[in-house]
Amino acid sequence: MIYFDNSATTKIAPEVLDTYNKVSEQVWGNPSSLNNLGEVAHNLLEQSRQQIASLLNVLEDEILFTGSGTEGDNWVIKGTAMAKMSHGKHLITTTVEHPAVMNTMAQLEQLGFEVTYLPVDDEGRINVEDLKAALRSDTILVSVMAVNNEIGTVQPLVEIGNVLKDYPTVHFHVDAVQAIGKGVQEAFMSDRVDFVTFSGHKFHAPRGVGFIYSKRGRHIEPLLTGGGQEHNLRSGTENVPAIAGMSKALRLLLENETEMVTKQKTVKEVVFNHINEFGKITTFSKMQSNFAPHILCFAIEGVRGESIVHAFESEGIYISTTSACSSKKNQASGTLLAMNVPEALAKSAVRISFDENNTLEEAKEFNRVFDILYHKFEKINSK
Amino acid sequence: MQYTEIMVRYGELSTKGKNKRNFIDRLGTNVRNSLRGFDDLVVKANRDRMHINLNGDDSELVMQRLSQVFGIQNFSPAIRVEQDLDAVKETAVAMVSEQFVKGTTFKVNTRRSDHDFELDTNEMNDELGGWILDHVPGITVKMKQPDIILRVEVRANGIFLSSETRQGAGGLPVGTAGKGMLMLSGGIDSPVAGYLGMKRGVSMEMVHFFSPPYTSEQALAKAKELTVKLTPYVGTIQFIEVPFTEIQEQIKHDVPEPYLMTITRRFMLRLTEKIAELRGGLAIFNGESLGQVASQTLESMVAINDVTTMPIIRPVVSMDKNEIIDVAKKIDTFDLSIKPFEDCCTIFAPPAPKTKPRLDRSREFEARLDIDGLIERALAGVKVTKIHIGEEYLNENSSLFAELL
């Protein structure tokens, strides 16, 4: 089996699973309990937080645990809306965000908030001039993803941050779910960024756990109220085994980040160069540095994405139509449509996404299978 | 910037006449203790200055530790390069560029002890100054009070460049003013009192009273962890735990409630004095601040002091609570101090302690107790632990957890 669908989810790392199991068996107290079992669990929780904070070079109390990337996006956006609605009800995002942002914005629109969706160019990237024009005195939030989940575009976060230096009260949120460990940390953790969303299962941690970075001095309202966990900002008994596992997964991810990024880029390049030799291929992802090293989105003209996915699957290669979240709805990729790619071509798009464990051999095997399938599709197409 | 050495200037100790050698030796020891774990560096405590040769150890981390050692006025990180003008120029530009912001002014200040070097002092100033002007765009020269003074020392073993002076912690080297006993509770005030005593050169031992099962292991661990927070100034600290349950139970049983606190404090003081005598301590330090709580009045001090003739020093006596909290935050004990574990003072605290206890009444109530027996039994149970920099007590599993994580 060759697994090239790492942007959908990653396989939990054996060391992480080991931590998850050990903690589940041995440190199962409730961190809020006064007794010793609780105290030990509390200490492990806080040590996990410390480790994550120091890996990202931020303060401990700036890391807050969540149940998913989707929760993180919901929390920062709605939490900002609730905290700042008396200052203004205008939010800015882009036309290429993940549904966790898109649909949250839509929900706020229903509640009377106003949202500006910034357009993107033919590489899926926004222009900061559009942002400048969109900013208003009642703008409370700018939410921009770091790395696009469908084609891997890296957004100009540093430039956005520079624009927002003139708007110190506007919350700047970055969805970094696809960006962590992909060599762009300096951009999504730059000075002006206030909130960042992360999801564990995208970097070999268990499902059902994530975290946000929330800059000291910035405030969002909680979505989950209750027993007062996470400084009274996210109630609910902490998922200590998953949090400890995630802390470990993050360490493993960031320890050799540079090396691993180079490796993924090499694998991507081998596939990229190969498929570009074929006439009916359009590659939406590029090889340059303002694209993530692990995502390659392409279309075979005239063949539906779904057919391509299943054809590869029958050869033991797992890829995906543009994103796991939209793939079952038979919709064209939102990102590609926003880039003004014709709908027919957008529906022919597939995404392959790597992790640091993928090898050159796997890339070559993919290419071999690709050749066979391409010619097969050509026969169907020519009829 | 990765520096290769650090030059340390002494504080007030250089004015201390005959004792100077003691002070310098002690400071050398303290610096070495607080830099434990940096295996490559070499500390040389000379008469006028201290030199630390980093030999590749991380200069930022070393300076962080250094900034906490008492007896240091300030220090300057420096880079040693070979006697090669090109190397000097390159390093000088890198150094100045790092501190450069728009409008920065500078001058070069060369000293030369190696007179065989190709350039003399003035030539060196000119040559380097010109080079920097050409290679750091926007910088200007200013002779009087420039923002950056680039100091260049030409010595036989290389050329040393430094452009930055950082403040030290001031004070006197811990240990040069004798030994004191700090009555350490889990609160905000006593660690601050300990810190201030250490700043004036007192080598401090911690005396902590604990009353299981009324107080928890966590409260004891918290006191030890607070001690850890004070170790950067000295390296290691002795922690003395005194079992206090029997005494508190007896007092509760035999003494009228308004006098509980007074009698309890008298016992603590007696025990601390005895421990001081046994261990060569010359004074008792505590975190009492006047009028802060009902029992910390002058009348109360009179009633409590009665049991000892040893000096009782209260470094925070005249500070406001907010001032104490500021120091506690600075020395990073505040967040720990406010963790909610019951200590022996809070657990038996009466609802209405006597704010103006009478000395005669205190003596009279106390006479109901077997003072000598109680003191003797408590002293027999005393336990001493040596606490090192970087240890963890509240999270004993931290190294176990580190493997999991």
| task | Could you look through the stretch B:221-269, keep only residues that are modelled with pLDDT of 90 or more and of a type in the set (G, A, S), and pick out the one that is surrounded by the most Cβ atoms within 10 Å (Cβ to Cβ)? | result | B:A223
| said: Taking the conditions exactly as written (surrounded by 14 or more Cβ atoms within 10 Å (Cβ to Cβ), more than 18 Å from the chain's Cα centre (by Cα) and either assigned to a helix (DSSP H, G or I) or in the same structural domain as B:F75 (by TED's automatic domain parsing) (or both)), does B:F23 satisfy them or not? | reply: no
| query | Looking at B:V42, B:V81, which one is surrounded by 17 or more Cβ atoms within 10 Å (Cβ to Cβ) and under 22 Å from B:Q2 (Cβ atoms)? | reply | B:V81
| note | B:I79 passes all but one of the listed conditions (1) part of a strand (DSSP E or B); (2) more than 21 Å from B:G168 (Cα to Cα); (3) within 34 Å of the chain's Cα centre (by Cα); the exception is number (2)
| query | Failed condition for A:N256, given (1) at pLDDT below 95; (2) within 14 Å of chain B (Cβ to nearest Cβ), with all others met? | reply | (2)
| task | Would you confirm whether any residue within the stretch B:357-376 is β-branched (V, I, T), closer than 21 Å to B:V192 by Cβ and within 33 Å of the chain's Cα centre (by Cα)? | result | no
| task | Give the residues of the stretch A:27-38 that are facing chain B (nearest Cβ under 10 Å) and either within 16 Å of A:R49 (Cα to Cα) or surrounded by 15 or more Cβ atoms within 10 Å (Cβ to Cβ) (or both), sorted by residue number. | result | A:V27
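Results for (1) in a helix (DSSP H, G or I); (2) of a type outside the set (A, V, I, L, M, F, W, C); (3) over 27 Å from A:R351 (Cβ atoms), shown as yes or no for each residue.
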{"position": "A:F65", "(1), (2), (3)": "no, no, yes"}
{"position": "A:A83", "(1), (2), (3)": "yes, no, yes"}
{"position": "A:V101", "(1), (2), (3)": "yes, no, no"}
{"position": "A:M105", "(1), (2), (3)": "yes, no, no"}
{"position": "A:D130", "(1), (2), (3)": "yes, yes, no"}
{"position": "A:A133", "(1), (2), (3)": "yes, no, yes"}
{"position": "A:I140", "(1), (2), (3)": "no, no, yes"}
| How many of the residues making up the stretch A:1-21 are at the interface with chain B (Cβ under 9 Å from one of its Cβ atoms) and either touching a strand residue (DSSP E or B) at 6+ places or on another chain (Cβ under 8 Å) or without any contact (Cβ under 8 Å) to a residue 12 or more places away in the chain (or both)? | 1
| Quick one: which of B:V93, B:V88, B:V62, B:V69 is assigned by TED's automatic domain parsing to the domain that holds B:R26, part of a helix (DSSP H, G or I), surrounded by 15 or more Cβ atoms within 10 Å (Cβ to Cβ) and touching a residue at least 60 places away in the same chain (Cβ under 8 Å)? | B:V88
| query | Which of the residues spanning the stretch B:378-405 are within 17 Å of B:A219 (Cα to Cα), at the interface with chain A (Cβ under 10 Å from one of its Cβ atoms) and polar (S, T, N, Q)? | reply | B:N395, B:N397
| task | Sort out for me the strands (runs of 3 or more DSSP E) sitting completely within the stretch B:169-256 that have 1 or more residues that are under 20 Å from B:V316 (Cα atoms). | result | B:179-183, B:203-210
| field | Residue check, A:N43 out of contact with any Pro (no Cβ under 8 Å at 6 or more places or on another chain), surrounded by fewer than 18 Cβ atoms within 10 Å (Cβ to Cβ) and either within 14 Å of chain B (Cβ to nearest Cβ) or at pLDDT below 95 (or both) | value | no
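The values are calculated or read from the model by the stated rules, or taken from the named source; none is laboratory data. Note that the structure is predicted; figures quoted are calculated from it, not measured. Using ideal geometry, Cβ is built from the backbone for each residue, glycine included, and neighbour counts are taken over all protein chains shown.
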